There are 2 protein chains.
Amino acid sequence: MKQHALNFNSGPAVLPLEVIETSKQALQNFNDTGLSILEIGHRTEAFKALVFETQNNVKNLMNIGADYEVLFLTGGATQQFMQIPYNLLNKSDSAAYVVNGIWGEKAVQEAQIWSQIQVVSNTTNENHTKIETDFVVDKNHKYLHVTSNNTVEGTQWHQFPKTEIPLVADMSSDIFSRQLDFTKFDLIYAGAQKNLGAAGVTLVVIKKSILENNPENLSPILDYRQHIKAGAILNTPPVFAIYVLSETVKWIINNGGLNSMEQNTFEKASAIYKIIDDYKDVFHCPVRKEDRSFNNIIFNMPKELETNFLNECKAHKFIGLKGYRTKGGVRISIYNAMPLEDVKILGNFMLDFVKRYV
Amino acid sequence: MKQHALNFNSGPAVLPLEVIETSKQALQNFNDTGLSILEIGHRTEAFKALVFETQNNVKNLMNIGADYEVLFLTGGATQQFMQIPYNLLNKSDSAAYVVNGIWGEKAVQEAQIWSQIQVVSNTTNENHTKIETDFVVDKNHKYLHVTSNNTVEGTQWHQFPKTEIPLVADMSSDIFSRQLDFTKFDLIYAGAQKNLGAAGVTLVVIKKSILENNPENLSPILDYRQHIKAGAILNTPPVFAIYVLSETVKWIINNGGLNSMEQNTFEKASAIYKIIDDYKDVFHCPVRKEDRSFNNIIFNMPKELETNFLNECKAHKFIGLKGYRTKGGVRISIYNAMPLEDVKILGNFMLDFVKRYV
């Protein structure tokens, strides 16, 4: 029985009801151990098996092989902004960064602490309303960093840049929402709280070759190699957050995998974008059409209409529609777990709103 | 209705049944939001209120004032091994460390990466079977670091060292199990998975004065000052783990606070130590009596007896009694949430075992 409000939060975000149900059961009795998942030792066979199974499920979904490692770290994508340059860049190394929004900017801020960073593309002057693809990357950089989907600005890479150097991507807000050739990437990371589960764990997928010739004598807890050597259980990991991630990944597999996620995502996003395009005077999406995000749809409305719109959304228990705290406007986040029917309810409300106000 | 096995895990460990029950409800519908706690935005008023309330509850329990800050970080105590020297020590600074066991050793390993560390007391030669108190600390060190309770070695500081320099303590395994004058400490940290809740969050309590004259230009995500400035919500925190911590802290308050926790802890530990002392030939606790831990009781048994003992424990669903993975022996962890009645069941089993085998 659905007791949920309609959750358009940008993250932490909507989760599959099945995952919440299973999590409740695991809170009572995990895997017939007689213990709650919250009380289970992280070095028990049951938990080690869960980690191993989830690593394999992630690899299968991504269609990547033994040349990749799968870790479940903490501190969110933001800590990866720091761990990536800390692990990959020697003092004499440099890296190239693309800045298409607030998260790319933050990634650069952290990276600059550790080494030389060159911003090879920056769409600040266009208010990040588009993705630029015509930039040049010096081959001497150790890697190129991109944000695959910009949660705040509502843009998304639909064709990733071709590059001769390793490609590193923050996929926090669109991972597993589409088919990709993941073998094109050397490091992929994603905070779990959008498409992968609950806040508290970050998926980090690393091609082993990118860990060669890296700095020595790193802090062990920040060193990817130490985490890999310890089989992804270096110290006490966030057991429950990993459990929810494991269940969410299983849910994706059981619901048709990435192919199916991609179709559903496209169908949901298209339904909203159609309304936006049909009623341009009411819903103004500033993003260049070919760069629109299928996960986070942003638009502005004439001021008075927007206030009414957001108030009515609140009354309808449509949650999380206010734009990013420093940006304003409206944002509709439609991750994998958001049912098409809920998107249609919102779409019908938008149409009804137009009828009543315009 | 108790469906639980008897959980003597060293951590993640037993939680109060009430906390598990409340967590299950929050998984269904948090605070009447219509959303699961797993789906709730970390910048919502509801979650910000929870963080603020928990900070206050922690401060009240510790009887500390506005000169302290309370943070909820990630990466376990191990990440604090790194963050403490990284935040507090300039290149020219040094710090003093006490090594009474494996966790103190690991703290030194991480700290050495960042600055000069002097080990002022090391009980390795005594197999960490006691706590030394007759060491001298140079006043020029920036702080003195101790591990308040040694989970693996079964020792505990019952009188903390008097020092003229700031005192930093890893209290992961005995926080809130006793009354302490917390104002004597300048930084206290504890992974949640023993006495504070579930794995995935680390409580860090900082006296503001220790953050003065610290290194500039730190990585923002690793910088305590940035977390404080952001009201303990710098980036997406581990929402659910913080929720469980908040409920566990409330449970401590509702069950008589630290005074009551201390009495219960003493009563439970004494019941087991009495059996150990009464049957020295069967249960050999190597720890010097005045340094015994009230949270983690360790002992060895004659080899064949020990195998039988651990096998029978397993059959009785007494969980987590095997000593630390690199150490062996038996370990009984009895944190706050472990009921006295469960300890008595184990105690009676120990007595019965003696009768049958000796």
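The values are calculated or read from the model by the stated rules, or taken from the named source; none is laboratory data. If you're wondering where the values come from, they're calculated on a predicted model, not measured in any experiment. Glycine gets a Cβ as well: all are built from the backbone with ideal geometry, and neighbour counts include every protein chain shown.
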Subject >> Test result for B:GLU290, touching a Lys or Arg at 6+ places or on another chain (Cβ under 6 Å), at pLDDT 95 or above, part of a helix (DSSP H, G or I) and of a type in the set (Asp, Glu) >> reply: no
Original post:
Is it true that some residue in region A:323-332 is part of a helix (DSSP H, G or I), among the small types (Gly, Ala, Ser) and touching a Phe, Trp or Tyr at 6+ places or on another chain (Cβ under 9 Å)?
Top reply: no
**OP:** Go through (1) crowded, with 20+ Cβ neighbours inside 10 Å; (2) away from chain A (no Cβ under 14 Å) one by one and return the number of the condition B:ASN255 breaks.
**Re:** (1)
Original post:
Restricting attention to region B:76-87, which residues are touching a strand residue (DSSP E or B) at 6+ places or on another chain (Cβ under 7 Å) and not polar (S, T, N, Q)?
Top reply: B:GLY76, B:ALA77, B:ILE84, B:PRO85
Original post:
Of the residues A:ALA111, A:ALA107, which is modelled with pLDDT of 95 or more, under 17 Å from A:ASN214 (Cα atoms), within 14 Å of another protein chain (Cβ to nearest Cβ) and not in a strand (DSSP E or B)?
Top reply: A:ALA111
**OP:** Inspect region B:8-22 for any residue being more than 22 Å from B:VAL249 (Cβ to Cβ) and not aliphatic (A, V, I, L, M) and give the result as yes or no.
**Re:** yes
Original post:
Residues of region A:40-49 being of a type in the set (A, V, I, L, M, F, W, C), under 26 Å from the mean Cα position of the chain (by Cα) and surrounded by fewer than 21 Cβ atoms within 10 Å (Cβ to Cβ), which ones?
Top reply: A:ALA49
**OP:** Could you grab me the full set of residues in region B:257-285 that are among the acidic types (Asp, Glu) and under 18 Å from B:ASN348 (Cα atoms)?
**Re:** B:GLU267, B:ASP277, B:ASP278, B:ASP281
**OP:** State which residue pairs qualify: first residue closer than 23 Å to B:ALA77 by Cα and within 14 Å of chain B (Cβ to nearest Cβ) and inside region A:53-76, second residue outside any loop (DSSP other than H, G, I, E, B) and of a type outside the set (Val, Ile, Thr) in any location, beta carbons under 6 Å apart, and separation of 6 or more residues or different chains.
**Re:** A:LEU71/A:HIS227; A:GLY76/A:GLY191
Original post:
Here are some conditions: (1) under 20 Å from B:ILE253 (Cα atoms); (2) within 14 Å of chain A (Cβ to nearest Cβ). B:HIS42 meets all but one. Which one does it not meet?
Top reply: (1)
Original post:
Just one of B:TYR273, B:TYR243, B:TYR324, B:TYR279 is free of Cβ contacts under 8 Å to residues at least 40 places away in the same chain and among the aromatic types (Phe, Trp, Tyr); which is it?
Top reply: B:TYR273
Original post:
Looking at (1) on the phi < 0 side of the Ramachandran plot; (2) modelled with pLDDT of 95 or more, can you tell me which one A:ASN214 breaks?
Top reply: (2)
**OP:** Could you please give the count of residues in region B:333-358 that are under 23 Å from B:GLY197 (Cβ atoms) and not in a loop (DSSP other than H, G, I, E, B)?
**Re:** 5
Original post:
Considering A:ILE253, A:ILE242, which residue is in contact with a strand residue (DSSP E or B) (Cβ under 7 Å, 6 or more places away or on another chain) and over 24 Å from A:TRP157 (Cβ atoms)?
Top reply: A:ILE242
**OP:** For region A:219-252, enumerate the residues that are within 11 Å of chain B (Cβ to nearest Cβ) and of a type in the set (Phe, Trp, Tyr).
**Re:** A:PHE240, A:TYR243
**OP:** Give region B:337-358 a look and list any residue that's free of Cβ contacts under 8 Å to residues at least 60 places away in the same chain, surrounded by fewer than 13 Cβ atoms within 10 Å (Cβ to Cβ) and closer than 18 Å to B:VAL282 by Cβ, or say none.
**Re:** B:ASN348, B:ASP352, B:LYS355, B:ARG356
Original post:
If you scan region B:1-39, which residues turn out to be in contact (Cβ under 8 Å) with a residue 40 or more places away in the chain, surrounded by fewer than 20 Cβ atoms within 10 Å (Cβ to Cβ) and at the interface with chain A (Cβ under 7 Å from one of its Cβ atoms)?
Top reply: B:ALA5
Original post:
Out of curiosity, is B:GLU132 within 14 Å of another protein chain (Cβ to nearest Cβ) and under 22 Å from the mean Cα position of the chain (by Cα)?
Top reply: no
Original post:
Counting just the residues of region A:192-212 that are in contact (Cβ under 8 Å) with a residue 24 or more places away in the chain and surrounded by fewer than 24 Cβ atoms within 10 Å (Cβ to Cβ), which one comes out farthest from the other protein chains (Cβ to nearest Cβ)?
Top reply: A:SER209
Original post:
If you scan region A:305-337, which residues turn out to be over 16 Å from A:ILE275 (Cβ atoms) and hydrophobic (A, V, I, L, M, F, W, C)?
Top reply: A:LEU310, A:ALA315, A:ILE319, A:ALA337
Original post:
Restricting the search to region A:252-266, which residues are over 15 Å from A:ASP174 (Cβ atoms) and under 17 Å from the mean Cα position of the chain (by Cα)?
Top reply: A:GLY257
